[in-house]
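Data block below; observations after.
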Amino acid sequence: MEEEFYVGWGTLALINAGLAQGKNRTGFNWFVLSLFIGPIATLSLLLVEKYPEDE
């Protein structure tokens, strides 16, 4: 049961990294942050607006 928790938490961190990159943020930083605060990072990523792209 304990191993399933780590797999799920790691998967959530990867998903958050992808979400962050989609919003023009640093995926690695959000991956590391998600390892510590998990679902809270997901919620904050969903609530923040996308950074404008540099032209």
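Other residues with beta-carbon under 10 Å from the beta-carbon of V48 carry, at +1 per Lys or Arg and -1 per Asp or Glu, a net charge of +2. Using the 1.4 Å probe convention, the accessible area of the chain works out to 78 Å² per residue with neighbouring protein chains retained.
Relative to the current alpha-carbon distance between I15 and F36, full extension at 0.36 nm per residue lengthens the span by 6.1 nm. Taking the C-alpha atoms only, the angle from helix 27-37 to the longest principal axis of the chain is near 40 degrees.
Ignoring ligands, DNA and RNA, please state the percent of accessible area on the chain from carbon and sulfur, probe 1.4 Å. Carbon with sulfur: 65 percent of the solvent-accessible area. Stretching the chain fully between E3 and L46 yields a gain of 12.8 nm (0.36 nm per residue, less the alpha carbon separation).
The values are calculated or read from the model by the stated rules, or taken from the named source; none is laboratory data. Everything numeric in this text was worked out from a predicted model, so none of it was measured. For neighbour counting, all protein chains shown are included, and Cβ atoms are generated from backbone atoms with ideal geometry for every residue, glycine included. Ligands, DNA and RNA are excluded from the accessible area calculation, which covers all protein heavy atoms including side chains. Shrake-Rupley method; radii C 1.70, N 1.55, O 1.52, S 1.80 Å.
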